[in-house]
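Inspection log for the structure reproduced underneath, given as structure tokens.
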Amino acid sequence: MNEFIPVIGLEIHVQLSTKSKMFCSCSTDYIGARPNSHVCPICLGLPGSLPVINERAIMYAVRMALAMRCKVNTHTVFHRKHYFYPDLPKAYQISQYDLPLAVDGHLEVNDDEKAHKIRIQRLHLEEDAGKLVHAAIGGRLMGADYSLVDYNRSGVPLMEIVTQPDITSPKQAREFVSRLRQLVRYLGVSDGDMESGSLRVDANISIMEPGGKWGEKVEVKNMNSLKALERALEYEYERQKEVKSKGETIVRETRHWDDDSGKTVSSRSKEEAEDYRYFPDPDLPSLVVDERTIVQLCKELPELPWEIRDRFISDYGLSLEEAEVLTERRDVALLMDDLVKGGSPVKVASNWIRTEIMRVLNERAISAEEITIPSDEMALLLSRIDRGDLSTTAAKEVFAMMLEKSLNVDDAIKALGLSTGKLTGSDLEAIVVKVLSENAEVVEEIKAGNDKKGKKVKFLQGIVMRETKGQADPKEVQSLIMSKI
Amino acid sequence: MKNSEFLKLSALELVEGYKKGDFTVSDVIETALEHIEVNERNLNALITPLYEEARSRSWMLDAALARGEELGSLFGVPVVVKDNITVDGVRTTCGSRMLENWISPYSAHVVECLERAGAVIIGKANMDEFAMGSSTEFSAFGPALNPWDLSRVPGGSSGGSAASVVAGYAPIALGSDTGGSIRQPAAFCGVYGLKPTYGLVSRFGLIAFASSLDQIGPFARSLKDVAAILQVISEPDARDATCARKERPNYAEFLNVTSLEGFKVGYLAGYESLEIDDEIKRAISQTIEICKEAGAEIVEVDLPISTRYGLPCYYTIAPAEASSNLARFDGVQYGFSVAADDLKELYLKSRGSGFGPEVKRRILIGTFVLGSSRYDAYYLQAQKVRQLIIREFNAAFSKADVLLTPATPTLPFKRGEKLTDPVKAYMADLFTIPVNLAGLPALSMRASMSQSGLPVGVQLIGKKFGEGDILKAASVIEQVVGPAATALGGDRK
Ligand SMILES: [Zn+2]
């Protein structure tokens with residue numbers, strides 16, 4: 001059926017979240033800053049300036065390399081890569097060439113419930129370029145009268161990760177980048193944000209014929225989100241198949257993804273590939289990362305997302321899907337451990353985190369570490385949900401109150417005017433009777449058989465639940481209403 | 001003391017004079033500036049004299065003197081700085097149209113060091129464009145002349161710095177040396193010129209020509225001054241990743257010698273058969289005699305690879321690095337820029353008319369040898385030769401403490417003489433280039449005067465960080481031939 005298989009390799013640039021730039025002490029915190037306010041003679045490439053390697057950037061990159069099981073080169077060299085462009089102030093980029101920091105690793109992605117090993121070819125460090133701002137509508141180059149350069153980004157450390165062409169579907173490419181993004185965040189080496197450009201993905205895609213013959217490679221650029229990446233590759237896969245089916249040949253080229261039109265557009269033919277005239281940067285002695293440092297950094301690696309995921313499955317008996325969601329973020333995974341250690345029932349903790357806590361974290365844009373409720377108090381709250389002493393609705397209010405006012409469970413329940421037990425039996429019956437009498441017309445309608453869809457009963461049920469501050473069992477309320485009518 | 005006498009004093013004598021209250025900083029600086037103003041019409045040793053800056057600094061220093069503050073080791077000493085070394089707020093042209101109006105927003109490490117030591121920078125010295133040349137005739141601001149004979153060149157590329165020191169503008173100056181650019185002009189002008197070990201002096205703020213070869217160094221008329229200024233500028237600097245962190249010795253201590261007992265001086269086997277001016281050969285044998293008299297053991301060393309392959313090796317590596325270092329001068333952010341309709345035209349026009357002929361020649365060579373299809377055959381090959389040269393010097397230094405060689409094959413040549421034949425001009429660096437390739441220190445000094453009244457220079461090469469050995473040997477020689485003299489070739493015109 002599927003006669004052409006896509007063959008995809010990725011080149012990913014990750015901005016490291018070091019405080020200072022790759023070769024100078026300027027701050028990397030330039031988002032929203034005045035243009036050219038985070039610059040010095042070094043990152044402006046002024047005559048006479050010299051680079052000095054930021055050791056923290058090396059550390060971050062080694063950490064990432066180790067997490068991907070790469071071989072870290074103890075001897076690595078920085079090269080100069082030459083090309084002329086106004087955003088590149090020295091007219092060369094300090095990068096790595098034939099002696100990258102690390103090689104030969106892998107990262108696993110789950111695709112269709114199966115694990116796929118994507119091999120990492122290399123990981124190296126380089127410096128970012130500045131940014132051109134074009135003075136035309138929409139900041140486009142075409143038709144601009146002039147362009148301005150902002151060098152704030154110039155010299156920000158970039159980690160480039162190149163995969164082998166092991167990826168076999170656009171979806172898998174997306175999974176891979178998502179996994180990699182998760183990893184950089186776990187390791188604290190980057191914020192991994194694609195929209196702001198902290199994480200940039202270029203993809204090489206070709207198609208393989210049934211006989212195993214590879215087509216020409218096309219490089220696709222300008223995908224600013226995971227969704228754009230998947231869409232661009234899907235489009236490109238279809239396009240290449242179509243070219244082939246027409247009996248034409250695929251041109252080796254670079255194509256730009258246009259998110260608005262949903263198409264890739266040819267931008268530059270690869271035949272006129274530039275000669276970058278690489279040579280070792282004489283300003284930087286070759287970098288030695290000694291064995292001891294590597295071992296030390298290896299020891300300091302945190303538990304990795306897939307390791308925690310597997311542990312959650314084996315120790316907590318969670319499903320793969322649940323475990324994936326809980327380990328998406330490291331702070332959340334740590335919270336899960338915390339809650340369980342504090343005595344929370346696993347199932348309730350998992351549900352509570354995946355719903356209520358994720359909602360709060362997203363709404364307030366905070367990390368799970370900022371939830372300061374002691375884990376034994378959380379355990380108390382979650383146990384009550386488990387026993388049915390608190391309805392989920394009530395528990396949400398209690399949780400919000402605990403967060404807001406730093407109260408313990410009991411005080412929060414008191415402050416909200418909730419009784420500690422569940423509302424049932426004659427107490428609940430009294431409320432139902434009261435609500436029914438206050439809504440006599442609705443009761444009449446139901447009696448007359450005008451509630452085929454049961455909406456009116458639900459309406460009454462809602463009022464009762466509100467009156468009971470969520471402490472009643474909705475099912476009990478419903479059956480009480482039905483019996484009273 | 002007559003004011004004109006100030007111009008002949010060494011840096012240390014000036015500091016002594018201030019301390020004793022014999023004269024003030026403004027006396028000296030004013031005299032130097034007047035002297036410069038008069039003589040620049042002939043010499044053109046400076047691209048930018050810093051009259052105002054130097055004057056106001058001299059008043060400040062006099063005030064400090066009056067307050068009895070502790071004085072730096074180069075307090076109140078006028079210094080000329082080659083115009084490829086940045087000084088905050090001062091234009092730094094590199095002898096090029098490309099940077100004619102570029103004002104540096106920061107100071108080089110060596111300039112900061114000099115200023116902390118109390119020195120007064122009185123001018124930026126003329127030089128071959130981007131330090132490429134050996135006559136200072138490739139300056140975009142006109143050639144500098146040799147104060148011993150105005151029809152001759154002062155050497156290059158630090159010709160302006162050497163000429164300034166011999167002309168008495170200042171007792172000391174800074175130059176830079178990539179293949180002989182300090183030592184050759186020092187020999188042509190008859191002053192001391194030291195190229196330190198690669199990594200002894202920070203290159204931060206030195207506009208790069210060839211980063212793996214460049215080194216800043218001093219010119220002076222006395223060895224004591226050489227030691228004093230070297231002490232100041234060799235302060236370790238973390239801003240240059242190639243700058244050594246090790247502690248520097250007290251260089252002045254190496255000068256307190258009268259004997260070379262137990263010291264080995266090597267000379268180049270068969271140097272007599274090389275194409276060298278007879279007066280230079282004579283100076284070498286005289287110098288060998290001086291060392292022998294002082295008790296040194298004289299040994300013969302062989303440097304066949306350096307002599308034969310040094311030049312081609314250098315003229316591969318240096319242009320390669322230069323083509324990279326000079327790529328930033330593209331007319332975009334700063335420097336010379338020609339209005340153009342598109343980006344490519346901007347690059348072509350700005351670089352096409354901003355650079356002079358010698359710079360363009362080397363950029364073309366460098367771009368060629370770094371091409372991906374030629375890299376292995378040229379650049380990589382040259383790096384291998386460079387390793388052999390390093391090994392050859394190591395072997396030589398297992399036999400000798402210092403090596404004595406000619407500084408240049410010829411005496412100062414006439415203006416225009418070598419302009420038309422670049423290969424012949426490159427030959428002038430035969431003895432200096434291998435030293436840069438091996439990263440060694442070397443001093444060029446006057447050994448005698450020729451019959452025609454021109455200085456004759458010799459070169460002393462030391463092992464890595466062996467500046468002390470060089471100073472020791474040179475000190476014994478200086479005791480015989482005397483310190484360098486000032487000269488103003490005005491009347492010889
Ligand atoms: Zn900076």
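The values are calculated or read from the model by the stated rules, or taken from the named source; none is laboratory data. Quantities reported herein were computed from a predicted structural model and do not represent experimental measurements. Every residue, glycine as well, gets a Cβ built from its backbone with ideal geometry; the counts of neighbours run over all protein chains shown. Accessible surface areas use protein heavy atoms only, side chains included; no ligands, DNA or RNA. Shrake-Rupley method; radii C 1.70, N 1.55, O 1.52, S 1.80 Å.
Miscellaneous remarks
- If you go through segment A:269-312 and pick out every residue that is more than 14 Å from chain B (Cβ to nearest Cβ), closer than 30 Å to residue A:99 by Cα, in a helix (DSSP H, G or I) and not polar (S, T, N, Q), you end up with 11.
- Residues within segment A:313-328 that are in a loop (DSSP other than H, G, I, E, B) and open to solvent by less than 20 Å² (accessible area, probe 1.4 Å), tallied: 1
- Scanning segment A:360-370 for residues that are part of a helix (DSSP H, G or I) and either touching a helix residue (DSSP H, G or I) at 6+ places or on another chain (Cβ under 9 Å) or in contact (Cβ under 8 Å) with a residue 40 or more places away in the chain (or both) yields A:360, A:361, A:364, A:368, A:369, A:370.
- Among residues of segment B:286-302 that are assigned to a loop (DSSP other than H, G, I, E, B) and open to solvent by less than 30 Å² (accessible area, probe 1.4 Å), those with a beta-carbon under 9 Å from a residue that is β-branched (Val, Ile, Thr) and modelled with pLDDT under 95 at least six positions away or on a different chain give the pairs B:294/B:257; B:294/B:258.
- Segment B:197-223, residues that are within 20 Å of residue B:247 (Cα to Cα) and either within 9 Å of another protein chain (Cβ to nearest Cβ) or in contact with a Leu (Cβ under 7 Å, 6 or more places away or on another chain) (or both): B:197, B:202, B:203, B:204, B:216, B:217, B:218
- Test: residue in segment A:190-197 that is closer than 30 Å to residue A:367 by Cβ, among the charged types (D, E, K, R) and out of contact with any strand residue (DSSP E or B) (no Cβ under 7 Å at 6 or more places or on another chain): yes
- Residue list for segment A:371-382, filter: outside any loop (DSSP other than H, G, I, E, B) and open to solvent by 30 Å² or more (accessible area, probe 1.4 Å): A:375, A:376, A:377, A:380
- Close contacts from segment A:34-47, counting a first residue that is at positive phi and within 10 Å of chain B (Cβ to nearest Cβ) and a second that is among the polar types (S, T, N, Q) and more than 11 Å from the ligand (Cβ to nearest atom), with Cβ to Cβ under 8 Å and a gap of 6+ residues or different chains, come to A:45/B:333.
- The one condition from (1) in a loop (DSSP other than H, G, I, E, B); (2) away from the ligand (no atom under 16 Å from the Cβ) that residue A:108 does not meet is (1).
- None of B:252, B:186 is more than 15 Å from the chain's Cα centre (by Cα), within 30 Å of residue B:26 (Cα to Cα) and away from chain A (no Cβ under 14 Å) except B:252.
- Count of segment A:329-349 residues, restricted to those that are within 16 Å of residue A:384 (Cβ to Cβ) and part of a loop (DSSP other than H, G, I, E, B), is 4.
- Among (1) open to solvent by 60 Å² or more (accessible area, probe 1.4 Å); (2) in contact with a strand residue (DSSP E or B) (Cβ under 9 Å, 6 or more places away or on another chain) - the single one residue A:415 does not satisfy: (2)
- Within segment A:329-369, tally of residues that are open to solvent by 70 Å² or more (accessible area, probe 1.4 Å) and closer than 16 Å to residue A:400 by Cβ: 5
- The residue of segment B:346-380 that is surrounded by the most Cβ atoms within 10 Å (Cβ to Cβ), among those that are more than 12 Å from chain A (Cβ to nearest Cβ) and over 28 Å from the mean Cα position of the chain (by Cα), is B:349.
- Residue within segment B:318-329 that is open to solvent by 80 Å² or more (accessible area, probe 1.4 Å), in a helix (DSSP H, G or I) and either on the phi < 0 side of the Ramachandran plot or more than 9 Å from chain A (Cβ to nearest Cβ) (or both) present: no
- Verdict on residue A:297 being over 22 Å from the mean Cα position of the chain (by Cα) and open to solvent by less than 60 Å² (accessible area, probe 1.4 Å): yes
- Selection from segment A:12-44 of residues that are open to solvent by less than 20 Å² (accessible area, probe 1.4 Å) and within 10 Å of the ligand (Cβ to nearest atom): A:21, A:22, A:23, A:24, A:26, A:43
- The sole residue among A:72, A:62, A:77, A:52 that is touching a residue at least 12 places away in the same chain (Cβ under 8 Å), within 15 Å of the ligand (Cβ to nearest atom) and of a type outside the set (D, E, K, R) is A:52.
- Of the residues in segment B:4-18, at least one is more than 24 Å from the chain's Cα centre (by Cα), surrounded by 14 or more Cβ atoms within 10 Å (Cβ to Cβ) and not basic (Lys, Arg).
- Residues (of a type in the set (A, V, I, L, M, F, W, C) and touching a strand residue (DSSP E or B) at 6+ places or on another chain (Cβ under 7 Å)) located in segment A:280-311: A:287, A:288, A:289, A:294, A:306
- Among the numbered conditions (1) aliphatic (A, V, I, L, M); (2) in contact with a helix residue (DSSP H, G or I) (Cβ under 6 Å, 6 or more places away or on another chain); (3) closer than 23 Å to residue B:168 by Cα, the only one that residue B:98 does not meet is (3).
- Residue that is among the small types (Gly, Ala, Ser), surrounded by 18 or more Cβ atoms within 10 Å (Cβ to Cβ) and within 30 Å of residue A:236 (Cα to Cα), where the choices are A:48, A:9: A:9
- Here residue B:139 meets each of (1) touching a Lys or Arg at 6+ places or on another chain (Cβ under 8 Å); (2) in a loop (DSSP other than H, G, I, E, B); (3) among the polar types (S, T, N, Q) with one exception, condition (1).
- Single residue of segment B:258-285 satisfying the filter (in a loop (DSSP other than H, G, I, E, B) and among the small types (Gly, Ala, Ser)) that is farthest from the chain's Cα centre (by Cα): B:262
- Residue that is farthest from the other protein chains (Cβ to nearest Cβ) [pool: residues in segment A:77-105 that are over 21 Å from residue B:321 (Cα atoms) and in a strand (DSSP E or B)]: A:105
- Some residue of segment A:449-457 being modelled with pLDDT of 80 or more and within 23 Å of residue A:395 (Cβ to Cβ): no
- Qualifying residue in segment A:54-71 (condition: facing chain B (nearest Cβ under 9 Å) and either open to solvent by less than 10 Å² (accessible area, probe 1.4 Å) or out of contact with any strand residue (DSSP E or B) (no Cβ under 6 Å at 6 or more places or on another chain) (or both)): no
- The set of residues in segment A:440-485 that are over 16 Å from residue A:426 (Cα atoms), among the basic types (Lys, Arg) and either open to solvent by less than 50 Å² (accessible area, probe 1.4 Å) or part of a helix (DSSP H, G or I) (or both) comprises A:447, A:455, A:456, A:458, A:466.
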